[in-house]
Amino acid sequence: MKPLGVAPQLAAAAYRAADAAPGAGLDAAAGDGQSAGGTGFGAMLQRAVEGAVQVGQQAETQSMQAIAGGGNITEVVTAVAKAQLALQTAVNIRDRVVQAYQQIMSMPI
C-alpha cells in the first residue's frame, strides 16, 4: 500500500489551527463526535464517513437505474469510480490510524 505523503510541518500547522478553533480539539470530539462548531477531529471524521457512504449510495442508485434500462453508462462508471476512490481513501485512513495506534502502544512509558 502506498503511504500517504504528509510533511510534518504541514501536519503540525494543521493541528495547531484545528486546536486553536473554538470548541475544537480531542476533548470536544471525544464525546459524541460533534463539537460546538462541528470543527473537531471527530466531526471531521464523521463527515468524511458520511460522504463516503453517500457516494456509495449514489453509485448503487446509478447502477440500479442502468440495470433497469435507464441511466447513462458514463454516469454509472463515473459514480462507481468515485465510490471506489472514497472506499480506498477510507481504507488508507483506517490503516494509518491503526498504524499510529500501534506505534503509540509500542512506546515505552
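Structure notes:
- From the list ILE73, ILE67, the lone residue that is surrounded by fewer than 14 Cβ atoms within 10 Å (Cβ to Cβ), of a type outside the set (Lys, Arg), in contact with a helix residue (DSSP H, G or I) (Cβ under 7 Å, 6 or more places away or on another chain) and more than 30 Å from PHE41 (Cα to Cα) is ILE73.
- Annotation: of all residues in the stretch 76-109 being surrounded by fewer than 10 Cβ atoms within 10 Å (Cβ to Cβ) and aliphatic (A, V, I, L, M), the one that is farthest from GLN57 (Cα to Cα) is ILE109.
- Test: residue in the stretch 58-76 that is part of a helix (DSSP H, G or I), in contact (Cβ under 8 Å) with a residue 24 or more places away in the chain and not β-branched (Val, Ile, Thr): yes
Every read-out reported here was derived from the displayed coordinates using simple, explicitly stated rules and does not represent laboratory data. Quantities reported herein were computed from a predicted structural model and do not represent experimental measurements. With ideal geometry, Cβ positions are generated from the backbone for all residues, glycine too; neighbour counts draw on all protein chains shown.
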